[in-house]
Amino acid sequence: MPSHEHYMQHALALASKAIGCTSPNPLVGAVIVRNDTVVGQGWHHKAGENHAEVNAILDASGDTQGATIYVSLEPCSHHGRTPPCTQAIINAGITTVVYAANDNNPQAEGGASQLKAAGIEVIAGVCELQAKQLNRFFFHFQQLKQPYVIAKFASSLDGRIATRTGHSQWITGEPARQKAHALRQAVDAIVVGANTVITDNPELTVRLTNTEKVMHPLRLVLDSRGTAPLSSKIFQASLPGSTLVITTDAMSAEHKQLLERQGVEVVKLPSSTIDLPEAAPNARPDINALMALLTQRQIQSVMVEGGRTVLGEFFDHGFVNEVWAFVAPMIIGGENALPSIGGLGIDKLSEASQLENMQIETVGNDILLTGRVTNAQVIH
């Protein structure tokens, strides 16, 4: 007879089908088993639509009396945009609920207690670590009330992102770039600086061919003076998704109006007081203010793609929670070649950002190293 872990793995796989599509809701999958047979399954497709438990119950077509439901997250007990899943489970005659991780959303938690009060057997913590990893953006945001930040960059073996002349396309191969698009699909927003827009002219869209649904994250451009050309791809109205420019009082009112006429939202924030080696004092939007704005807008996850100054500033503030480092098997060399991370940096090695839970995989001819940052900070 298959174990609880077997069916929960199935539920987690179903949940992952909607990566990038459910925010601000978590990813949830559900499997209904009766007499050792899967009679229904489902997952949460999009915020505002049926939750996983309801979709699984509907898929079972009434064959749920006395069944067991496996859910990757504790069933919700509140009435939000959809009715509570606990009541749907009770009404379906399900007698056992097995779930992976507790829901730490104050509005939705407590489902297990309600199910127990209805006489339903509840088993918690099956594949809990995997469930928490899958929904790490959601759990982080609910607990700390700030976005989960991923620093993503591609460099040579000697840590360079461009040659001494600024040539950078492409350091990594096509498989690595496709992998990066999958990460874009997973997050709510992407952050780049004006220099990246000027140098690379990126679209920052998701370009995947092996997924059922593509969701384009919000594109955030840090441009304190309005130096990125209005003709840049990222500012064109025909581009799918939305672009938000974060600026300061240094941007002219005329440039702001021209951006807005092209459908680009512009928000002014206070200037940073940090004197960066690559920029003049007070020349960049304040990162603390940016994080507060993203929290206010319910942006749960952010990928910082560059350039090196923006990446460095996020590291300097201790806001990076995870690193995705693509490393190409090449040596660029040269004292004037550009490093992958800029900013102020640290004084002592004991202050360096440390990674844990590292994973290394080969992507084409390149290597991808991922890991969680152990000393990330919380804004106050």
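The values are calculated or read from the model by the stated rules, or taken from the named source; none is laboratory data. Please read these numbers as outputs of a predicted model, since none were measured by experiment. FYI the Cβ positions are ideal-geometry reconstructions off the backbone, even for glycines, and counts take in every protein chain you see. We work out accessible area using only protein heavy atoms, side chains counted, and drop any ligands, DNA or RNA first. Shrake-Rupley method; radii C 1.70, N 1.55, O 1.52, S 1.80 Å.
Odds and ends about this structure:
- Surface composition of segment 283-340: carbon and sulfur atoms hold 51% of the protein heavy-atom accessible area at a 1.4 Å probe.
- Legend: distances between Cα atoms for 179/233; 116/145; 116/152; 268/348; 132/268; 145/179; pairs beyond 32 Å are 116/152; 268/348; 132/268.
- In this entry, the chain is assigned a mean projected area of 20.6 nm², taken as a quarter of its C-alpha convex hull surface.
- The protection proxy used here, the mean number of other Cβ atoms lying within 10 Å of each residue, ranks peptides 200-207, 51-58 as follows, highest first: 51-58, 200-207.
- Note on segment 36-163: with neighbouring protein chains present and a 1.4 Å probe, carbon and sulfur make up 48 percent of its accessible heavy-atom surface.
- Taking every protein chain into account, the accessible area of the chain amounts to 46 square angstrom per residue (probe 1.4 Å).
- Packing rank of 159-169, 127-137, where each peptide gets the mean count of other beta carbons within 10 Å, highest leading: 127-137, 159-169
- Spin-label pair residue 167-residue 295: with each label point 7 Å from Cα along the Cα-Cβ axis, the two points sit 4.5 nm from one another.
- Report note on the peptides 224-237, 18-31, 251-264: ranked by the mean count of other C-beta atoms within 10 Å, highest first, their order is 18-31, 224-237, 251-264.
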